[in-house]
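Notes for the one structure printed next.
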Amino acid sequence: TKRIQVQNALLLSEEMFSKAFQSSPCGMFVADIENGRLINVNDSFLTFTGYDAATVLGKELLSLNFFKNEAEGKKFFKLINEKKSLRNKEVEFCRISGDIRDGMISAEVIQIWGETCILAALVDYTEAKKLERQFLDMTERQRREIAFALHDDLCPQLIGIELLIGILHQKLKKTFSDQ
């Protein structure tokens, strides 16, 4: 009975991992640590990259030109080999169409069926970054518009007030000098 409980616990663990892996909104992949050969990918990864599973499974991540910069890809594998874990590393990755996307990748070294593998999760934040840039541009445009409005509207009024004060000062000076 103890062996059956252990087997059931193992099956439950595998089922939970599989469901979490497949249903994650993050693009996830499992790759061989030695050569970056993709062993498994989830639907989100396929959506982010534009590939289909038949094209990527069994291929090396670097040969798919996943990383915008091949040196950056090699650095990713070097870091994961050294540290065994990587958190929130910014990365530019390429879709099959050649579009460059902005992402954040985290990875862990894991053992699967006696093989040392990488389990990685990728978040595509290209649209959020684009919206942030648009917001910052809009804020800068509004700041300039306010500055121009102040300069073009308020400055002439202040100059007019300064002139009127000067005239009033001259009149008061003349009035007091006459007395």
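So which of ALA31, ALA107 ends up being assigned to a strand (DSSP E or B), closer than 28 Å to LEU10 by Cα, among the small types (Gly, Ala, Ser) and within 21 Å of the chain's Cα centre (by Cα)?
Working: ALA31 fails: within 21 Å of the chain's Cα centre (by Cα).
Step by step, each of ALA31, ALA107 is checked, and only ALA107 is assigned to a strand (DSSP E or B), closer than 28 Å to LEU10 by Cα, among the small types (Gly, Ala, Ser) and within 21 Å of the chain's Cα centre (by Cα).
Look through segment 17-56, keep the residues that are touching a Lys or Arg at 6+ places or on another chain (Cβ under 7 Å) and among the aliphatic types (A, V, I, L, M), and return whichever of them is farthest from SER97 (Cα to Cα).
ALA31
Looking only at segment 34-45, count how many residues are assigned to a helix (DSSP H, G or I) and under 19 Å from GLU92 (Cβ atoms). Give the steps one after another, and end with the answer.
Looking only at segment 34-45, we keep the residues that are assigned to a helix (DSSP H, G or I), and these are 43-45.
Retained after the next criterion (residues that are under 19 Å from GLU92 (Cβ atoms)): 44-45.
The qualifying residues number 2.
Can you give me the number of residues within segment 77-94 that are open to solvent by 60 Å² or more (accessible area, probe 1.4 Å) and closer than 17 Å to ASP124 by Cα? Lay out the reasoning, then the answer.
Here is the first cut: in segment 77-94, the ones open to solvent by 60 Å² or more (accessible area, probe 1.4 Å) are 78, 81-84, 87-88, 90, 92.
Then drop every residue that is not closer than 17 Å to ASP124 by Cα, which leaves 87-88, 90, 92.
The total comes to 4.
Filter segment 110-128 down to the residues that are under 12 Å from the mean Cα position of the chain (by Cα) and under 17 Å from SER24 (Cβ atoms), then identify the one that is least open to solvent (accessible area, probe 1.4 Å).
LEU122
Tally up the residues in segment 61-76 that are closer than 22 Å to MET104 by Cβ and open to solvent by 20 Å² or more (accessible area, probe 1.4 Å), please.
10
Tell me which residues, restricted to segment 2-31, are under 22 Å from ASN88 (Cα atoms) and either surrounded by fewer than 17 Cβ atoms within 10 Å (Cβ to Cβ) or hydroxyl-bearing (Ser, Thr, Tyr) (or both).
Taking segment 2-31 and keeping what is under 22 Å from ASN88 (Cα atoms), we get 17, 20-31.
PHE17, ALA20, GLN22, SER23, SER24, PRO25, listed by residue number.
Within segment 110-134, can you find the residues that are of a type in the set (D, E, K, R) and farther than 26 Å from GLU14 by Cα? Even if it seems obvious, please write down each step before you answer.
Taking segment 110-134 first, the residues of a type in the set (D, E, K, R) are 115, 124, 127, 129-130, 132-133.
Hits for segment 110-134 are ASP124, GLU127, LYS129, LYS130, GLU132, ARG133.
Does ILE100 satisfy the condition of being of a type outside the set (D, E, K, R), touching a residue at least 12 places away in the same chain (Cβ under 8 Å) and open to solvent by 80 Å² or more (accessible area, probe 1.4 Å)?
On the way: of a type outside the set (D, E, K, R): yes; touching a residue at least 12 places away in the same chain (Cβ under 8 Å): yes; open to solvent by 80 Å² or more (accessible area, probe 1.4 Å): yes.
Yes.
The values are calculated or read from the model by the stated rules, or taken from the named source; none is laboratory data. Note that this is a predicted model, so its numbers are computed, not measured. All Cβ positions, glycine included, derive from the backbone under ideal geometry; neighbour counts span all protein chains shown. Just so you know, the surface numbers come from the protein's heavy atoms only, side chains and all, with ligands and any DNA or RNA stripped out. Shrake-Rupley method; radii C 1.70, N 1.55, O 1.52, S 1.80 Å.
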